[in-house]
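K.L.:
Here's a structure for you.
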Amino acid sequence: MENPGICLRLVIAIAIGQFAIAITTTNAAEPPTTGPTAALVKIGPVMGFFFDNPSDSGSFTATPLSPLLFKQTFPVINFNPPAGTVSCSNPISVNEDTRPFTDIVIRPDGSCESRAVLGHAGQAAGEGDLNSFNAVFTGSFAIVKAGQSTLNFYSDDGWILGIGGNATRVSGLLTEAPAANRTPFRALPVIGAYNVATAPTAKTVVVNFPAVGNYPFEIDYSECCGDGLSLTLTANDKSIEPTTLFTTALLLVAVAVGVAAALSLGRAQWQRRKQNRSRRGRPRSVTVFLEVSCPRDLLGKDLKRQS
Ligand SMILES: [Ca+2]
Ligand SMILES: [Ca+2]
C-alpha cells in the first residue's frame, strides 16, 4: 500500500473491530467471574512424549536423556476425567479408575470422543509394562484476553506446570517443584507443581497472563503405583477449548496492533525531533524515517478469511 498512514489506520480499524466482535461474543458466552479479570485461555495442539517410570515414582523423574518410547498429539489435556466433570451428550466409559490413559475430546456437537494413548510395543499407556509411566506435554496457551486465570488440575499422580512468555504465578502449590525452578525439558519457569504420589485430587494454580498472545507450556506428569490414573486441565473450572483459525487470526491482529502502536509512537517522536532541529536552525537532512510496509499476509490472507 502506497500510503503508510492509511495502511496503519486500516490495520488498527480492523483490529479494533475484530477485538470488539471477539470480546463481545466471548463475554456473552462467559459466566460472570470473580476477582481479577479472567484470562480467556485456549490450548493449541498438545504434543505428548512418553517415557518409562522405572522406579514407579509418583514424582516426575524423566530427563531429556531418558529413552523416548513414543509420542502422540492431542487436542486437549483431558485424560481420564472423573465422572461428572465433562458434559458429553453420549455416555463415556472412561474415568480416573479406568485404564488405559484416554483423552476425552468434546466435539462441536456436544458429543465426546475417546482417544486412547496408543502406547509402545502394542501396549497402551497405563497398561502392562506401561502401567507406570512418565509423560511430557508441550504446546501453547492462546490468551485472547489478558488477565488472571485459575488453572484447575485433577490428577493421579504428580505433575509440574511451566509456562513461558512472561506469565507469572499468582498463587498455588509448588509441591516438590524442580530445584532449579525450571521444567526439565523446555526450561520454562515453574508456575505450579503437585509432584507427588497421590490419590485422585484437584489442585489449582492462579496464573497472570500479562498480554494477549501465545504462551508456551510444559506439563510433566507421572503415573505410579497403580490405582487411579488421571490428568485433566481446565481454566476457571471450564473446559479449555482447542485453538481455531479465528483464535490465530485474533492473535495476529494483536501483534499488528502492537506494531502499529509502536510505529505511531516512533513517528511522533521523530516529528518532535524534526521540529526541535528546525527551531535551532540546523540544516535539514533528507531522512527516510518510516518505511511502512502494509502487513499483506495479515490483510491479504488471515483477515480476509474472517470476512
Ligand atoms: Ca495414586
Ligand atoms: Ca496412579
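The values are calculated or read from the model by the stated rules, or taken from the named source; none is laboratory data. Small disclaimer: the values here were computed from a predicted structure and weren't measured. Note that each Cβ is placed from the backbone with ideal geometry, even for glycine, and that neighbours are counted across all protein chains shown.
K.L.:
Mind counting the residues in the stretch 128-150 that are farther than 23 Å from residue 246 by Cα and touching a Ser or Thr at 6+ places or on another chain (Cβ under 7 Å)?
P.N.:
Here is the first cut: in the stretch 128-150, the ones farther than 23 Å from residue 246 by Cα are 128-137, 150.
When the remaining residues are screened for being touching a Ser or Thr at 6+ places or on another chain (Cβ under 7 Å), the result is 134, 150.
Within the stretch 128-150, residues that are farther than 23 Å from residue 246 by Cα and touching a Ser or Thr at 6+ places or on another chain (Cβ under 7 Å) number 2.
K.L.:
One residue is enough: does the stretch 212-234 have a residue meeting the conditions in contact with a Pro (Cβ under 9 Å, 6 or more places away or on another chain), within 16 Å of ligand 1 (Cβ to nearest atom) and of a type in the set (Ser, Thr, Tyr)?
P.N.:
Yes, the stretch 212-234 contains at least one residue that is in contact with a Pro (Cβ under 9 Å, 6 or more places away or on another chain), within 16 Å of ligand 1 (Cβ to nearest atom) and of a type in the set (Ser, Thr, Tyr).
K.L.:
When the residues of the stretch 162-218 are filtered to those that are part of a loop (DSSP other than H, G, I, E, B) and polar (S, T, N, Q), which remaining residue is nearest to ligand 2 (Cβ to nearest atom)?
P.N.:
By that ranking, first place goes to 198.
K.L.:
Using beta carbons and a limit of 8 Å, which pairs, at least six apart or on different chains, have the first residue in the stretch 39-68 and within 15 Å of residue 126 (Cα to Cα) and the second one surrounded by 17 or more Cβ atoms within 10 Å (Cβ to Cβ) and among the charged types (D, E, K, R)?
P.N.:
53/223; 58/157
K.L.:
Take the residues in the stretch 80-94 that are over 24 Å from the mean Cα position of the chain (by Cα) and of a type in the set (S, T, N, Q); name whichever of them is nearest to ligand 2 (Cβ to nearest atom).
P.N.:
93
K.L.:
Now for a different question. Can you give me the number of residues within the stretch 221-260 that are more than 16 Å from ligand 2 (Cβ to nearest atom) and not in a loop (DSSP other than H, G, I, E, B)?
P.N.:
The number of residues fulfilling the criteria is 23.
K.L.:
Within the stretch 40-79, which strands (runs of 3 or more DSSP E) (wholly inside it) include 2 or more residues that are buried (at least 22 other Cβ atoms within 10 Å of the Cβ) and under 23 Å from the mean Cα position of the chain (by Cα)? Step through it out loud before you land on a result.
P.N.:
Details: elements: 40-43, 46-52, 70-74.
Strands (runs of 3 or more DSSP E) meeting the threshold: 40-43, 46-52.
K.L.:
Oh, and also: Could you tell me whether any residue of the stretch 237-253 is within 16 Å of ligand 1 (Cβ to nearest atom) and either in contact (Cβ under 8 Å) with a residue 24 or more places away in the chain or under 25 Å from residue 105 (Cβ atoms) (or both)?
P.N.:
No: the stretch 237-253 contains no residue that is within 16 Å of ligand 1 (Cβ to nearest atom) and either in contact (Cβ under 8 Å) with a residue 24 or more places away in the chain or under 25 Å from residue 105 (Cβ atoms) (or both).
K.L.:
Here's something else I'd like to know. Take the conditions surrounded by fewer than 16 Cβ atoms within 10 Å (Cβ to Cβ), in the same structural domain as residue 188 (by TED's automatic domain parsing) and within 30 Å of residue 257 (Cβ to Cβ) and apply them to residue 150. Does it pass?
P.N.:
Values: surrounded by fewer than 16 Cβ atoms within 10 Å (Cβ to Cβ): no; in the same structural domain as residue 188 (by TED's automatic domain parsing): yes; within 30 Å of residue 257 (Cβ to Cβ): yes.
Against the criterion (surrounded by fewer than 16 Cβ atoms within 10 Å (Cβ to Cβ), in the same structural domain as residue 188 (by TED's automatic domain parsing) and within 30 Å of residue 257 (Cβ to Cβ)), residue 150 does not qualify.
K.L.:
Residues 142, 121, 167: which one is free of Cβ contacts under 8 Å to residues at least 60 places away in the same chain and within 23 Å of residue 190 (Cα to Cα)?
P.N.:
167 is the lone residue from the list that is free of Cβ contacts under 8 Å to residues at least 60 places away in the same chain and within 23 Å of residue 190 (Cα to Cα).
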